[in-house]
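Everything on this sheet refers to the single structure shown next.
Read-outs throughout are calculated quantities, based only on the coordinates presented, and are distinct from any laboratory measurement. Owing to the predicted nature of the structure, the values given are computational and were not obtained by experimental measurement. Don't worry about glycine lacking a Cβ; one is built from the backbone with ideal geometry, like all the others, and counts go over all protein chains shown.
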Amino acid sequence: MEKNLKQLTNRIHYLPHDPATDRPILSAICGSHQTLLVDAGNSDAHVKQFLYELAQCQITNDHCVVLTHWHWDHSFGAKQMNRLTIAHEKTKMHLEKMVDFDWSDEALDSRVEKGVENQFCADMIKKEFGTDRNISITLPNITFKEQFEIDLGGVRCVVKHVGGDHSDDSSLIFVEEEKVLFLGDCLYPSIYTQPPQYKIVNVRHLIESIEMFDAEIYVLSHEPPLSKADFMGYSMLLKLICDLTEKHQGNYSDLVNELTTQLNRPLSQLEEEIVYCFMNGLSVK
Ligand SMILES: [Zn+2]
């Protein structure tokens, strides 16, 4: 097996995301006594690869995993991982609803039709698992309400619930000594609404919560880790679009015109998608 595990800082290693089947980043925060894993992967195969690579790098004492949120790609590997699982109480609540689900094509398609499942996730589940769809939901062992701290030995982590549009249970993990902030998917738009959306009030609140942490590296689950400068650019853009959405309300072309003028360039595809999500969020009360 080729080695994919990367070193983020002295004491943090991660397996990069893989868009082929929407695998998120999986990380290991290594203290002198304990290693904390971040997210449980999207399948047995994903977890096997991660644990194999940790073992190859002599990373041990990994008895605990913390979930950033309940979505399948972050939680379906929990059984294979077989570690003490820590999650926000809402993460557990969402997972509980899925315990009895059938994962056949027919069942997935019917949930997509009813709006319970998202089309993209259903497609990715089919692709990741193939026909041998041995999925069983494992519930977290330990839950928390707002935040908790864990000392891994010379490395302290704060795990804090922040919510947001993407998923109401989203939690972040701040590693103080390494100045690394794991954001999971919290900054992405909602995916279980049709169409996807951002709400001004939620995005502002979320960015405020994130800015309370003095980080140098920001880890979003489905892209390479961001430097402070990259992250600041990203959050400034979201804040600017919040302001312009508020100012122009439902007027899409006025919003795009002013944003293009302020940025002094045409919008990228990502920026157009962000604006689209904010427009969708306006019409939902
Ligand atoms: Zn997600």
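Points to keep in mind about this one:
- Remark: for residue pairs LYS3/LYS228; LYS145/LYS199; LYS6/LYS228; LYS92/LYS114; LYS3/LYS48; LYS160/LYS247, the C-alpha separation exceeds 25 Å in LYS3/LYS228; LYS160/LYS247.
- Kirkwood Rh, angstrom, region 108-175 [1 / mean 1/r, Cα pairs]: 15.2
- In nm, spacing of pseudo-spin labels at MET93 and ARG133 (7 Å Cα→C-beta vector): 2.7
- Ascending count of other beta-carbon atoms within 10 Å, so fewest first, for VAL112, VAL201: VAL201, VAL112
- Equivalent ellipsoid, the chain (semi-axes from 5 times Cα gyration tensor eigenvalues, Å): 31, 24, 17
- Between 0 and 90°, nearest 10: helix 269-282 axis offset from the chain longest Cα axis: 80
- The C-alpha radius of gyration of region 1-158, expressed as a fraction of 2.2 N^0.38 Å, stands at 1.06.
- Vicinal HN-Hα couplings computed from phi for region 33-43 (Karplus, 6.51 cos²θ - 1.76 cosθ + 1.60; Hz; Gly/Pro x): 10, 9, 10, 9, 8, 10, 6, 9, x, 9, 5
- Computed from the C-alpha gyration tensor, the three semi-axes of the ellipsoid equivalent to region 145-262 are 29, 16, 11 Å, from longest to shortest.
- For region 236-285, fraction of C-alpha pairs farther apart than 12 Å, in %: 59
- The stretch between GLN56 and GLU223 holds 57.7 nm of extra length on full extension. This uses 0.36 nm per residue minus the Cα-Cα distance.
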